[in-house]
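Okay, so here's the structure we're looking at.
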Amino acid sequence: MRAATASAALAAARRCAASGQTSRGKAAVEFLALVLLAGAVGAPLPGAAAELDLLAVGMRARVGEKRVLGEAQPESFRAYDLSAQFRLPWQHAWPSGWHLGSRLITTAGLMRGAGKTALVVSATPVAVLSSASARTSVDIGLGLALLSEHRFAQQDYGGPLQGTLTFGVTLPLGRQLGLGYRFVHYSDAGAYGRGTIGADFHMIELVHRF
């Protein structure tokens, strides 16, 4: 089902390019295609439901752009997205109650800079250290992101497929709410050639745990 949904999304994008639609029409089809891809990434396979449990959903917004990795960014960006966290099978618990486990973080959102807006979807497996209640956690991981637009005036990400590095810390606001900081780095790791520039995002996120 997930593969069929992703194939349908990519087919819609190809039909848009082949038909010579207006830029507004192309944007609408790209939006639909990426939404379908986000659903395909975020939805667990039926046979893996027991191993891929939904743990939390959240909202994130970029609040800073201080460079941490790579070259300085010539453009400034705003970014907002929705996230979903799924439990992956590998977990380990210590007698103290702390857990070391694995999760899959999926996102879908918007990134705007230099007068352009891109849709961004991502999937990132992370290793997570969490308290016994799971309300306090630290995670780090590597994943992939897909951008509907990768050229922003002076800044060229190189291409639509980007590698991601993420680090996050979440603290409790209540029994089910959490407030967190997340660092996200986008890079093509030189896959698209020279002259490409990634980006560092510093984000605040609000998380609702199930």
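For segment 141-173, how many residues are in a strand (DSSP E or B) and among the hydroxyl-bearing types (Ser, Thr, Tyr)?
The qualifying residues number 3.
Within segment 180-201, how many residues turn out to be surrounded by 15 or more Cβ atoms within 10 Å (Cβ to Cβ) and touching a strand residue (DSSP E or B) at 6+ places or on another chain (Cβ under 8 Å)?
Going through segment 180-201 one residue at a time, the tally reaches 15.
Taking segment 139-171 on its own, how many of its residues are within 26 Å of Phe210 (Cβ to Cβ) and either surrounded by 18 or more Cβ atoms within 10 Å (Cβ to Cβ) or not assigned by TED's automatic domain parsing to the domain that holds Glu71 (or both)?
Here the count works out to 8.
So if I check each of Leu100, Leu88, Leu104, Leu55, which one is part of a strand (DSSP E or B) and in contact with a Pro (Cβ under 6 Å, 6 or more places away or on another chain)?
That would be Leu104, the only listed residue that is part of a strand (DSSP E or B) and in contact with a Pro (Cβ under 6 Å, 6 or more places away or on another chain).
Looking only at residues that are basic (Lys, Arg) and over 16 Å from Phe86 (Cβ atoms) in segment 103-138, which one is surrounded by the most Cβ atoms within 10 Å (Cβ to Cβ)?
Arg135
Could you please give the count of residues in segment 93-109 that are touching a Gly at 6+ places or on another chain (Cβ under 9 Å) and at pLDDT below 95?
The number of residues fulfilling the criteria is 1.
Which of the residues belonging to segment 189-210 are closer than 19 Å to Gly109 by Cα and either acidic (Asp, Glu) or without any contact (Cβ under 8 Å) to a residue 12 or more places away in the chain (or both)?
Asp200, Glu205, listed by residue number.
Starting from residues that are assigned to a loop (DSSP other than H, G, I, E, B) and of a type in the set (D, E, K, R), keep the ones in segment 178-210 and report whichever is modelled with the highest pLDDT.
Asp188
The values are calculated or read from the model by the stated rules, or taken from the named source; none is laboratory data. Source: prediction; values computed, not measured. Note that we place each Cβ from the backbone using ideal geometry, even for glycine, and neighbour counts take in every protein chain shown.
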